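Just below is one structure, and these are the notes that go with it.
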C-alpha cells in the first residue's frame, strides 16, 4: 500500500547540534507504525518536525505522495496530522466537554450572538467517549478526575473526531499502570481499524509489539531501518534502541531482566 | 448516559459535593451570612432604608466594576496590579484633557479610554514577549502610572487635584452616561406613594432622598452580565479558561493564547477606566491619589468569588458576589458603629478563609491528594 505520510532523509539542526541526521519513515492508512528510541534519540524533535512545530533543515515530507511544508502546527492539523502530547493534551480544571472542543468550539447563533453550542458539545463528547469505551459521569466532569489512561483516550478521541488522518502519539503509555496501558493500547487498535495511520512513539518494546505493524528504531538522530511484525524479536529491538553494545554488558549483570 | 454500562468504580457523588465544585458556592454562602449578620446587627441603623441600600450598593458596584476585569484576567492566568494606578491615571487624564486643554468632555473620555486600553495592551504584550510573571510587569506599571499621575498635574497646574470637571461636563452626552442617574420619575412616584422618605428641610425639600440609580451601578450590572456571558456562553470564554488552565496545552489545541491574554489585560484596563470616569464625573475632580490599593481589593473580591489564583477556574458571578460582600461589610460595619479599622482585620480573615476553601475545592476537582 502507498504510504499516506512519508519522511525522506529529514535532517534537523539546531545551530551546531544535529538533532536529526537522516530520518526515513512512512506510515499507511490503517497501520500502526511504532517509532522506538531511547531518551535523547531525537524522538521529540522528530514529533515536532512531523507536527509542524519545527521546519526540517533538509529532506522532504510527503502527504499522499505530494510534498508538503508546514509553517506552523495549524497547517499540519489542517492536512490531517494530529499530535497527542503525553502530558499536555488536556486541561485538568476544565470539563471533558470543554476540553474536547478546545480550540474547535461548535457555535450556534441566537439573536445575532455567536454562542458556544454547549448542548451539541456535551452530546458529541458523551457519544465519542462511549465509542472509546469510557463511561463518563457526565460531560461536565472535570478532566482532572479522569485517570491518565482516560485522559489519553479523550485526547485521541478528540483528534479522531476532528478529522485526523495521521495520529501521532507521544509516549501515550509511559506514565500509566498496567490496566490503563491496556486501555490505551485497545484505543490505538480501535483507531487503526478505522483506517487512521497511527505513529506510536515509545521506548517500551512490549507496548510497541502489542499493537505495532511495523517498527522503526531511532538512535542518535538516525533511523536504523524498519522491520515488519514477526520479523524481529523484542531483544533485537531493545538492543537496537540502546545502540547494541552497552546493553549486552548491562544485561549480563542484571541477569537478563531488562 | 446508559446506566447498564456504568463503570462500577465510579462512585455516585452527593449533590452537596457536586455543588461544592461550583466556584460561586462560597460567595453565595458568604453573601447570605453577611446579610443575615447585618440584618440582626444593624437593622435599625438605616442600613436597609432606601438611602442605606443605595449607599452600600454604590460601594459594592465600584468593587464590582474592577472585579469583573480582574476576574476574567485571573481566569486567563494573569494578574494586573496596575488597576489602582490606572484608575488614578485615567481620572487625571480626563481632567487634564477637559479642564486644562479645554477639550469637549466626550472627546476627553474617548481619548482616555483608548489610551488606557492601549496601556493595558502594552502590559499584556510585555508579559507575553518576555515571559515574565504578570505580577512583576504590572507592579512596574503600578509605579510608572502613579508617578505620571502625580507628575502631570504638578507640571501643568502646580497641584495634585484638578477640579472643575463638573462645569465642563454639564450637558455633555457622554459624561451623563457615567455620572448621571436613571429612573428619577420612578423615585419621585415612589416618594409620592410614601415608600421613600422625602427631604423635609433645605434646598431639596420635598424631593425624595433617593432620586435615582447612579449610572455606576448600571455599569457594574452591565459589566457583570457581559463578563459572565462571554465566559460561559461563547467560544472565547472557553479560550479564557484554556489559556489560564494550561497555556501550552491550549496552544497545541489551536487556541490563540497570546491574543486572549492581551485582550484580557485590555479589558482590565477598560474596567479601571470605567471606574475612573464614573468617579471623576461624580466628584467633579481628579486627584493624584485616587484608586490607591484598588488592585488588591479587586483581587480579593475575585478570590472570595471562588477563582483560583493560579488561573483556569473562576466565575464572574462569584466575583460580583465577592464585591457585594466587600461593600456590604465595609459599609455595614460603619452603620453598626463598629470601629472601621476592624474592617481590615475582617478582610484579611475572609481572604485567608476563601483561599483555603478554594484550594480544597481545587483538590476535589483535580483529584490531587
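The values are calculated or read from the model by the stated rules, or taken from the named source; none is laboratory data. Just so we're clear, the structure is a prediction, and the values are computed from it rather than from any experiment. Don't worry about glycine lacking a Cβ; one is built from the backbone with ideal geometry, like all the others, and counts go over all protein chains shown.
I need the full set of residues from the range B:168-183 which are exposed (fewer than 15 other Cβ atoms within 10 Å of the Cβ) and either in contact with a strand residue (DSSP E or B) (Cβ under 6 Å, 6 or more places away or on another chain) or in contact (Cβ under 8 Å) with a residue 12 or more places away in the chain (or both), in order please.
Answer for the range B:168-183, where residues must be exposed (fewer than 15 other Cβ atoms within 10 Å of the Cβ) and either in contact with a strand residue (DSSP E or B) (Cβ under 6 Å, 6 or more places away or on another chain) or in contact (Cβ under 8 Å) with a residue 12 or more places away in the chain (or both): B:173, B:182, B:183.
Looking only at the range A:31-49, how many residues end up being in contact with a helix residue (DSSP H, G or I) (Cβ under 8 Å, 6 or more places away or on another chain) and over 20 Å from residue A:173 (Cα atoms)?
Total satisfying the criteria: 0.
For the range B:309-326, indicate whether the set of residues that are within 14 Å of another protein chain (Cβ to nearest Cβ), in contact with a helix residue (DSSP H, G or I) (Cβ under 8 Å, 6 or more places away or on another chain) and under 20 Å from residue B:294 (Cβ atoms) is non-empty.
Among the residues of the range B:309-326, at least one is within 14 Å of another protein chain (Cβ to nearest Cβ), in contact with a helix residue (DSSP H, G or I) (Cβ under 8 Å, 6 or more places away or on another chain) and under 20 Å from residue B:294 (Cβ atoms), which makes the answer yes.
For the range A:84-101, which residues satisfy the criterion of being under 14 Å from the mean Cα position of the chain (by Cα) and more than 7 Å from chain B (Cβ to nearest Cβ)?
A:84, A:86, A:87 - these are the residues of the range A:84-101 that are under 14 Å from the mean Cα position of the chain (by Cα) and more than 7 Å from chain B (Cβ to nearest Cβ).
Take the range A:196-211 and flag every residue that is modelled with pLDDT of 90 or more and outside any strand (DSSP E or B).
A:196
Any residue at all in the range B:188-207 that's closer than 17 Å to residue B:55 by Cα, in a helix (DSSP H, G or I) and in contact with a strand residue (DSSP E or B) (Cβ under 8 Å, 6 or more places away or on another chain)?
Here is the first cut: in the range B:188-207, the ones closer than 17 Å to residue B:55 by Cα are B:196-199.
Retained after the next criterion (residues that are in a helix (DSSP H, G or I)): none.
The answer is no, given that none of the residues of the range B:188-207 is closer than 17 Å to residue B:55 by Cα, in a helix (DSSP H, G or I) and in contact with a strand residue (DSSP E or B) (Cβ under 8 Å, 6 or more places away or on another chain).
Could you go through the range A:149-161 and let me know if any residue there is within 15 Å of the chain's Cα centre (by Cα), within 9 Å of another protein chain (Cβ to nearest Cβ) and more than 27 Å from residue B:360 (Cβ to Cβ).
Checked against the condition, which is being within 15 Å of the chain's Cα centre (by Cα), within 9 Å of another protein chain (Cβ to nearest Cβ) and more than 27 Å from residue B:360 (Cβ to Cβ), the range A:149-161 yields at least one hit.
Quickly run through the range A:50-85 and pick out the residues that are in contact with a helix residue (DSSP H, G or I) (Cβ under 8 Å, 6 or more places away or on another chain) and closer than 22 Å to residue B:243 by Cβ.
Passing the criteria: A:51, A:52, A:53, A:73, A:76, A:82, A:83, A:84, A:85.
If I ask for residues that are touching a residue at least 24 places away in the same chain (Cβ under 8 Å), within 25 Å of residue B:323 (Cβ to Cβ) and part of a loop (DSSP other than H, G, I, E, B), which ones from the range B:208-252 would you list?
Correct list: B:209, B:210, B:211, B:212.
Quick test of your reading of the structure: residue B:253 fulfils all but one of (1) more than 30 Å from residue A:158 (Cα to Cα); (2) over 22 Å from the mean Cα position of the chain (by Cα). Name the failing condition by number.
For residue B:253, the exception is condition (1).
Being more than 8 Å from chain B (Cβ to nearest Cβ) and within 23 Å of the chain's Cα centre (by Cα) is the filter here; which residues of the range A:105-145 pass it?
A:124, A:125, A:127, A:128, A:129, A:131, A:132, A:133, A:134, A:143 - these are the residues of the range A:105-145 that are more than 8 Å from chain B (Cβ to nearest Cβ) and within 23 Å of the chain's Cα centre (by Cα).
Within the range B:283-312, which residues are surrounded by fewer than 24 Cβ atoms within 10 Å (Cβ to Cβ) and more than 20 Å from residue B:85 (Cβ to Cβ)?
Within the range B:283-312, B:284, B:308, B:309, B:310, B:311 meet the criteria.
Could you list, in sequence order, the residues of the range A:212-229 that are assigned to a strand (DSSP E or B) and on the phi > 0 side of the Ramachandran plot?
Residue satisfying the conditions is A:225 alone.
Within the range A:48-58, can one find any residue that is at negative phi, out of contact with any strand residue (DSSP E or B) (no Cβ under 8 Å at 6 or more places or on another chain) and within 14 Å of chain B (Cβ to nearest Cβ)?
Filtering the range A:48-58 down to residues at negative phi leaves A:48-51, A:53-58.
Among the residues that remain, those that are also out of contact with any strand residue (DSSP E or B) (no Cβ under 8 Å at 6 or more places or on another chain) are: A:48, A:53, A:55.
Still in the running and within 14 Å of chain B (Cβ to nearest Cβ): A:48, A:53.
Yes - at least one qualifying residue is present in the range A:48-58.
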